[in-house]
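Engineer: Here's a structure for you.
Taken together, the values in this text are just the output of simple stated rules run on the coordinates, not laboratory data. Please read all numbers here as calculations on a predicted model, not as lab measurements. Virtual Cβ from ideal backbone geometry, glycine too; neighbours counted across all protein chains shown.
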Amino acid sequence: MRRAVLPAFLLFSIIAPFAAARQPAPQILGLRLGMSYDQAHSRLNEIGQFKSEDEGQQVWTLTRDRRYQYVIIGFDRDRQVRYVTALVRPDGKPVSYAEVGDIAHAARSGGPGNFRYTWKVSDKGGRLEYLVIAKGKGQRYLDRYAVKRLGVESETEDRD
Amino acid sequence: MSNTIAGGAVRVLWLKLHPGIILALAVFFFTTLVFAATPSSSTLNPVNGSSATWAGSGIAGATTDETTCVDGTDCDVYTITLTGSPANYKGLVLAISISHQNKLNDYDLYVHKGDLTGPVIASSTAGIPETGEAVAIDPTVSGTGLYTVHVVDSNVLPGDPYSGVATITTPPADSPAHGTAPTYANYQSPPGLGDSSGEPSIGANFNSGRIMTQAVFDTLQVTFNTNTSPATATWLLKDGPNTDIITLDPILFTDSLTGRTVVAQLFGTTSLSSFTDNDGETYTVSQGGGIASGVDHETVGGGPFRLCTADQLVATPLPCAQLAVRGPLTQYPHAVYYASQDIGDAEMALSQDGGLTYEEAHPMYTLVDCGGLHGHIKVSSSGIVYVPNKSCGSTQGLIVSMDNGLTFAVEPVTGSTPNSSDPSVGIGSKGRVYFGYVAGDGHPHITVSDDQGRSWHNDLDVGVPFSIRNTVFPEVVAGDNDRASFFFLGTPSAGDGTGADTGIPFNGVWHGYIATTYNGGRTWFTVDATPNDAVQLGVICTQGTTCPNGTRNLLDFNDITVDKVGRVFTAYTDGCITAACIAKGNDPAASHTRLDNDGATKATIIRQSTGLGLFKSQDGTRLQP
């Protein structure tokens, strides 16, 4: 008994800190924050079709994804990906908040009908700071989630 | 045996319940037979003179608009079926009118195509004094079949039942606005105040009679001295404690009825904000905006909470309880809303304590539905929240919340086309929505909805009298349901007057125009409110960072409001203020490009001088300059 418990404990001790610290990635569906405009478009053309553009923000309809119906993408002044938002398919495979990241490490806000989990992540030794925000009406499954770089302004931002 | 037992049980149950059942049946018959229109329906044919009459229920009541009435209690229904095909009605209209005796009673008339869930295609909602309402419907446009006439007790005392008439007849003569057009005077802020005033907001405090305006850093209190005529203006700087620190998107909102003014400056995902109940003498610093609201182009608005009437509480207790949860939490009686664009969507947060704190923001729409940037919040007297949007697919759109900002519907403004200026809405006292917008071709349009944006009618180009071909910054305010004013900057010059001016510089003289309706949007007076003094020469660029220097001086919007007596005020940024610039604007032979413009940002207010205001109850006191 002690022989069985000890290796398991050691394994847990090694894995647990990594599991607990699991951070949401700075990308959605292969669309990574900081990716160039051309790279992003190459990926977007693989997974969907362009739908519309407003103030430099583009909406793409996903053609084959079972979970997500749309991706919205915005670029910064260097034409690198500033944010990506994915909207779930209403009749698709549901996506839980936990699939985005460890919700124990997220700031939770809102309440019934309006849940929100927010992760503030510092990656690459602090060179990339970004927010990951998952929102939904339901307690378990999200309606949309977004990754957004901090400290950059949008392509069309026009501070008054 | 078992049948006997069962029969006995039924009899026992009947004996136990029958007082309640009898009461329910009595109520049923009372409401459906006594309180219904008599007869309840008719059929009309495509023949001039085909007609029907009915008698109203005679019930008394008072309610704000169609969304707050309960049939059989303070409104009733009459249906009309038109036979034949629409083509059969060429040269004919369906004229519907109601009349009553006591001119201090106020009935309103709404006509739906189909049943009560169908679009409101015509309405007549004049206020007292009145003894009737009337509409004319063109069946070649709206079709044949079922029409439902909904008669609402806006404010009706007992003993004055209405009678209704529906007739197939020839159409009334189409006439332009008649009467006297309003006139206006301009008041420029004194030197040193309002010198950097792009995208101004304006509000009127009904309690104090003062005007509050805000642009960039300056919050200004303006008092008009009416002991002299023309009135003189006193401008005072009344900055909030935290709203002159940083300015990204400045916003001011005054709740005219409560007198509270909220000032906000965008700051990250919220705003630096404070509010004042004494026109800027003292402020209370607030939370700023909704928790985790968006990051750009915020707006603040407010008005009554949407709460059930006593009749609605009886009729639909559960939805009413859900609404009540989002009602006021403090003595402050009205709702305050904060909305902003976020990453991929736009969100709104409710404050239930007068703007001191806000809830977690709720999504209004995503970029799949509409563009991220939106116009300013307006709230109807029955608590319906509206946010206009310049681009929702192939049309402009109106975002509507019927539950104090919990959920939202996106209604397309049918007949409109997207443009780069944010549209604006004004809400009449009984809920009529006036949607002012710049059409895709640059012309100033305004269209009307009587069913919370589900359908639209009377879409008109109000720039026709001045041949306006380029327009920016549409701003609308309404007073009575039938009265509204629409302010915009326009120029008759063709070409890309709002672009980045990359080719031959755009040559145009911009003025401020105000169009006003006194008949629910059927006709409009359009007036040049800045005659002989251009607001801008050359392009007014709305293309953000691609704009050349000096062409984004006016930034993104102007504003309009109405005071307690119905007098209209607008706030605008004047980009052409020197004698040389003004002279060029008045010389048709001169050059009118951005190179001739001052690029100034001077706070200026237009004040209505004469004419009818937006409140009929004040018509007896003529406006003085």
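Engineer: Between A:Thr118 and B:Leu237, what is the label-point separation in nm under the 7 Å Cα-to-beta-carbon projection?
Structural biologist: 3.4
Engineer: What's the extension gain from B:Asn207 to B:Ala134 if we count 0.36 nm per residue and subtract their Cα-Cα distance? Please report the intermediate quantities before stating the final value.
Structural biologist: Values: separation 73, 0.36 × 73 = 26.28 nm, distance 3.51 nm.
Result for the pair: 22.8 nm of gain on full extension.
Engineer: Under 14 Å from a label point 7 Å along Cα→Cβ of B:Ala409: give me every residue in segment B:64-98 with its amide N that close.
Structural biologist: Residues B:66-68 fall inside that zone.
Engineer: Which length gain, in nm to one decimal place, applies between B:Thr621 and B:Val141 when the Cα-Cα distance is subtracted from 0.36 nm times their residue separation? Walk me through the intermediate numbers first.
Structural biologist: Numbers: separation 480, 0.36 × 480 = 172.80 nm, distance 4.07 nm.
Between B:Thr621 and B:Val141, full extension yields an extra 168.7 nm.
Engineer: Would you mind calculating the gained length between B:Leu257 and B:Ser85 on full extension (0.36 nm times residue separation, minus the Cα-Cα distance), in nm to one decimal? Kindly include the intermediate steps, with their values, before the conclusion.
Structural biologist: Numbers: separation 172, 0.36 × 172 = 61.92 nm, distance 4.89 nm.
Length difference between fully extended and current span is 57.0 nm.
Engineer: Describe numerically, in nm with one decimal, the distance between label points set 7 Å from Cα along Cα→Cβ at B:Ala494 and at A:Thr63.
Structural biologist: 4.2
Engineer: I've got another one for you. Arrange the peptides B:154-165, B:313-324, B:411-422 so that the one whose residues have, on average, the most other Cβ atoms within 10 Å appears first. If you can, show how the numbers build up before the last one.
Structural biologist: On the way: B:154-165: 18.0, B:313-324: 13.8, B:411-422: 21.4.
Top to bottom by mean Cβ count within 10 Å: B:411-422, B:154-165, B:313-324.
Engineer: Using R₀ = 51 Å, calculate the FRET efficiency as 1/(1 + (r/R₀)^6) where r is the Cβ-Cβ separation of B:Thr117 and B:Ala580; round to 0.05.
Structural biologist: Numbers: r = 60 Å, r/R0 = 1.18.
Computed FRET efficiency for B:Thr117 and B:Ala580 comes out at 0.25.
Engineer: What's the local net charge at A:Arg43, with K and R +1, D and E -1, over the other residues with C-beta under 13 Å away?
Structural biologist: Working: positive: A:Arg32; negative: A:Asp38, A:Glu46, A:Asp65.
Once positives and negatives cancel, what remains is -2.
Engineer: Assuming R0 = 30 Å, what is the FRET efficiency of B:Cys320 and B:Leu104, from their Cβ-Cβ distance, to the nearest 0.05?
Structural biologist: Details: r = 30 Å, r/R0 = 1.00.
Once the sixth-power term is evaluated, E becomes 0.50.
Engineer: Further, regarding this structure: Given R₀ = 51 Å, FRET efficiency for B:Leu193-A:Lys51 by Cβ-Cβ distance, to 0.05? Walk me through the intermediate numbers first.
Structural biologist: On the way: r = 47 Å, r/R0 = 0.92.
The formula returns an efficiency of 0.65 here.
Engineer: Work out the charge dipole of chain B with +1 on the Cβ of Lys and Arg and -1 on the Cβ of Asp and Glu about the Cα centre, then indicate which of B:Leu367, B:His443, B:Val262 is farthest towards its positive end.
Structural biologist: Of the listed residues, the answer is B:His443.
Engineer: How far is helix B:2-29 tilted off the main Cα axis of chain B, in degrees rounded to 10, range 0 to 90?
Structural biologist: It works out to around 50 degrees.
Engineer: Let me ask another. When the helix-only estimate is applied to the protein assembly as shown (DSSP H runs of n ≥ 4, each -39,500 (n - 2.57), divided by the residue count), what is the mean residue ellipticity at 222 nm, nearest 500 deg cm²/dmol? Write down the numbers at each step before the final one.
Structural biologist: On the way: 8 runs with 89 residues, N = 785.
The per-residue figure over the protein assembly as shown is -3500 deg cm²/dmol.
Engineer: Under a plain spin-label model, where a point goes 7 Å from the Cα along Cα-to-Cβ, how far apart in nm are B:Thr228 and B:Ala589?
Structural biologist: For B:Thr228 paired with B:Ala589, the spin-label model returns 3.8 nm.
Engineer: For segment B:508-571 and segment B:305-382, what is the separation of their C-alpha centers, rounded to whole Å?
Structural biologist: Their Cα centres are 29 Å away from one another.
Engineer: What's the longest bit of chain B with no exposed trypsin sites (Lys or Arg not before Pro), using DSSP loop states and at most 13 other Cβ atoms within 10 Å as the test? Write out the running numbers ahead of the final one.
Structural biologist: Values: sites that count: B:Lys90, B:Lys103, B:Arg622.
Longest site-free region, per DSSP loop and neighbour criteria: B:104-621.
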